[in-house]
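The values are calculated or read from the model by the stated rules, or taken from the named source; none is laboratory data. Please read these numbers as outputs of a predicted model, since none were measured by experiment. Here Cβ is always computed from backbone atoms with ideal geometry, including for glycine, and neighbour counts include all displayed protein chains. Areas reflect the complete protein model, heavy atoms only, side chains present, ligands, DNA and RNA absent. Shrake-Rupley method; radii C 1.70, N 1.55, O 1.52, S 1.80 Å.
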Amino acid sequence: MSFPLLVFQGLFRIRRVITFTLLIGFTGISMLTNAQQKIIFGKGNTTNVLVSSSSSSASNQTAPKTLMSSGYLPNKNAAARLLSQATLGTTYGEIENVATIGIEKWVEQQLAMPNSFKITNYLQNLHQSIVDSVKRTDPTRTLSNVFLSDWHFDISWFQGSMTAADILRWRVALGLSEIFVTSRVSAFADNPYALASYYDVLLDNSFTNYRTLIEKITYHPSMAVYLTFMNNHATDFNNGKQTYPDENYAREVMQLFSIGLFQLNIDGTEKKDANGKSIPTYNNNDIANLAKVFTGLSWGDSKYIGDRSKDYWSYTKKLKFYAIDSSDVYIRWWVTNPNNWRIVNAHEVGVKTFLGKTIPARSVEQGELDIKDALDIIFNHPNVGPFMARRLIQRLVTSNPSPAFIQRVATVFNNNGSGVRGDLKAVIRTILTDPEARDCCNNGNTQFSGMLKEPFLRYMNLVKGLNLTSATNVFRNSMRRAYEKTGQIPMYSPSVFNFFSPDYTPDGALKGTGKYGPEFQTLNSQTLTGYMNALNTWLINDDPMEYYGYFGGETYKPEQEPKFNLTADYALVRNDRLTQLLDKYNLILAHGRLSKKNLDFIKKAISGIPLSITNGVPDSDDAFRRVRIAIYLIMSCPDYLINN
């Protein structure tokens, strides 16, 4: 079944400036005075209003909180809006759950959940099952000679994203993967274990502490290879060649992972010097000294510094620290006189000063303490709180958080209320429950609020929102079409700077405003038409997944390539019930944000599609077409594409 895109040309256009009209209903608060006069308050209109509680035991914050709406359970639109920020995509059932238990309780439940899915474990089991299958015809096959590719990681990632209950963790981990970037566009392009093991670090540490996370990342071989500090050696002169420590990671760990380029106030605004210029956070000397810290690290299964990776699983082992470079013993093994071997320091000794702090001189054997001290210095830098606050808010809520929003989150990063710095669980809680995140009206400032949905999130919104279900709970999806059409899937960034810059400003209304639209950096004629054509394939052609065979002669398993089952919606395709159909998917996909004007456009387009009805039952082919084109149009609408 084909679907020409030109049918809807003129109905929906991507506009540079999108004006939203949101209709929000609130339950009024009635206050009876002595004269029984009823006064109705709308949300947030607390100016010159004194509210008291009738309970002497109630907190004196109870009444104002109720007036500000935090005392209410969310309606379904508000619940769906939270889930659009906190998950990869949601179902109607999850929306009802949040509307029933409340936003704060849902967030707490999610934060309390352990990591329920290890991508590396699933990948390993998948690998073993492939080996077991091919061994039936070739007994010589083992894990070591049955080779995988990067798309085996994609299948494993998708399996976890579709089955894990800790759905907030998966959204946060995706955001972290776009901050602490490694990518298959690298030396480990075809190694799924390198991708899976690194992503597991992000999943494991989404709700731990920033200090823990930055150390786990520093000691991960994928990061060491990606940012070229694997086998990083102390300053040395050998055979007429002078070598210096590699500076790549030292630079990026400061610029991209922790403190950024310029000194920040706690609200994320840049500090200025006496001449009104931004103040750099570090200089070349800082980079050079920090680079000396990250020397002496090699593969976890290596015998010496300078050793090379041995197999897939080398990427799953924590880096090993070598104080001394004894590689000559292994490389020139035939030398019989030990005095002829060249033994030098692998780790750079001596004082190291950076960011205004000094790491003392130590013996080379104590060199790993240099790494600990350096990470502590970075962790305690005053920029880290506002830097990470802005990055995480951008990945979950809005491209342009206010300075006040950043300050509230940074304050919690600096101290979670119990004297703990860097508590990511507290940071995520603060972001998602902050008034700026929960206020759909953004105090009337809607022009630059929200964010353009990343292309990959749109795909996940579709498969999660339409409740793609496998009878065996196994999903075999390489996601290749999603990447080819939209240019984005996890761990496929073109560089360490991610798919888009947090400071990117597109042409149009944002220019010159000091506002940003990071995700617009992914938007061009190719990715836009690619997305529209991919929607056609996923929905109209009913091909939402990309099934790959694991080995030659494998029996096709259709249950691992499920299709959307939308037959329950066929009763809603009649013209007199189209409003119900559109309301349902407007809620699930766009948390009720589509304007009446756009809903009327879509309704008119759908009602023009032929529909045969026999004994009150719509023809299944006609109903199939109507339901899917309705969803297609909702997901093509600017009201959906901008998550506000």
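Details
- From the list D569, D576, the one residue that fits, being of a type in the set (D, E), buried (at least 18 other Cβ atoms within 10 Å of the Cβ) and outside any loop (DSSP other than H, G, I, E, B), is D569.
- Top-ranked residue of the stretch 327-359 - restricted to ones that are closer than 15 Å to A291 by Cα and free of Cβ contacts under 8 Å to residues at least 60 places away in the same chain, ranked as least open to solvent (accessible area, probe 1.4 Å): G350
- The residues of the stretch 387-404 that are surrounded by 22 or more Cβ atoms within 10 Å (Cβ to Cβ), more than 15 Å from F448 (Cα to Cα) and in contact with an Asp or Glu (Cβ under 8 Å, 6 or more places away or on another chain) amount to a single one, R395.
- Residue within the stretch 544-566 that is part of a helix (DSSP H, G or I), touching a helix residue (DSSP H, G or I) at 6+ places or on another chain (Cβ under 6 Å), touching a residue at least 12 places away in the same chain (Cβ under 8 Å) and crowded, with 21+ Cβ neighbours inside 10 Å present: no
- Odd one out for T353, checked against (1) under 24 Å from A323 (Cβ atoms); (2) of a type in the set (V, I, T); (3) under 25 Å from the mean Cα position of the chain (by Cα): (3)
- Among residues of the stretch 113-151, those that are of a type in the set (S, T, N, Q), farther than 30 Å from K425 by Cα, open to solvent by less than 50 Å² (accessible area, probe 1.4 Å) and within 30 Å of the chain's Cα centre (by Cα), counted: 1
- Qualifying residue in the stretch 482-491 (condition: open to solvent by 40 Å² or more (accessible area, probe 1.4 Å), closer than 22 Å to P544 by Cβ, in contact with an Asp or Glu (Cβ under 6 Å, 6 or more places away or on another chain) and basic (K, R)): no
Yes/no matrix, rows are residues, columns are (1) farther than 25 Å from I305 by Cβ; (2) assigned to a loop (DSSP other than H, G, I, E, B); (3) open to solvent by 20 Å² or more (accessible area, probe 1.4 Å); (4) out of contact with any Ser or Thr (no Cβ under 9 Å at 6 or more places or on another chain):
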residue	(1), (2), (3), (4)
V185	yes, yes, yes, no
D190	yes, yes, yes, no
S206	yes, yes, no, yes
E215	no, no, yes, yes
V225	no, no, yes, no
F229	no, yes, no, no
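- The residues listed here are I613, I588, I609; of these, the one that is at pLDDT 95 or above, of a type in the set (A, V, I, L, M, F, W, C) and under 34 Å from the mean Cα position of the chain (by Cα) is I588.
- Tally, over the stretch 143-175, of residues that are closer than 18 Å to E561 by Cβ and free of Cβ contacts under 8 Å to residues at least 40 places away in the same chain: 0
- Top-ranked residue of the stretch 266-286 - restricted to ones that are in contact with a Pro (Cβ under 7 Å, 6 or more places away or on another chain) and open to solvent by 50 Å² or more (accessible area, probe 1.4 Å), ranked as nearest to S501 (Cα to Cα): T269
- Residues in the stretch 583-635 that are open to solvent by 70 Å² or more (accessible area, probe 1.4 Å) and at positive phi: N615 only.
- Considering the stretch 287-320, and only residues there that are under 30 Å from the mean Cα position of the chain (by Cα) and charged (D, E, K, R), the residue that is most open to solvent (accessible area, probe 1.4 Å) turns out to be K318.
One line per residue, one yes/no per condition, for (1) without any contact (Cβ under 8 Å) to a residue 60 or more places away in the chain; (2) of a type in the set (V, I, T):
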{"residue": "D132", "(1), (2)": "yes, no"}
{"residue": "R141", "(1), (2)": "yes, no"}
{"residue": "S177", "(1), (2)": "no, no"}
{"residue": "A187", "(1), (2)": "yes, no"}
{"residue": "D190", "(1), (2)": "yes, no"}
{"residue": "D200", "(1), (2)": "no, no"}
{"residue": "N209", "(1), (2)": "no, no"}
{"residue": "T218", "(1), (2)": "no, yes"}
{"residue": "P221", "(1), (2)": "no, no"}
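- Flag if T243 is under 27 Å from D325 (Cβ atoms) and either buried (at least 17 other Cβ atoms within 10 Å of the Cβ) or out of contact with any strand residue (DSSP E or B) (no Cβ under 8 Å at 6 or more places or on another chain) (or both): no
- Among the helices (runs of 4 or more DSSP H) confined to the stretch 342-427, the ones with at least 3 residues that are charged (D, E, K, R) are located at 368-379, 384-396.
- In the stretch 510-543, the qualifying residues are those that are surrounded by 21 or more Cβ atoms within 10 Å (Cβ to Cβ) and touching a helix residue (DSSP H, G or I) at 6+ places or on another chain (Cβ under 7 Å), and the one that is farthest from D154 (Cα to Cα) is P518.
- Among the residues of the stretch 280-298, those identified as in a loop (DSSP other than H, G, I, E, B), more than 13 Å from L355 (Cα to Cα) and not hydroxyl-bearing (S, T, Y) are F294, G296.
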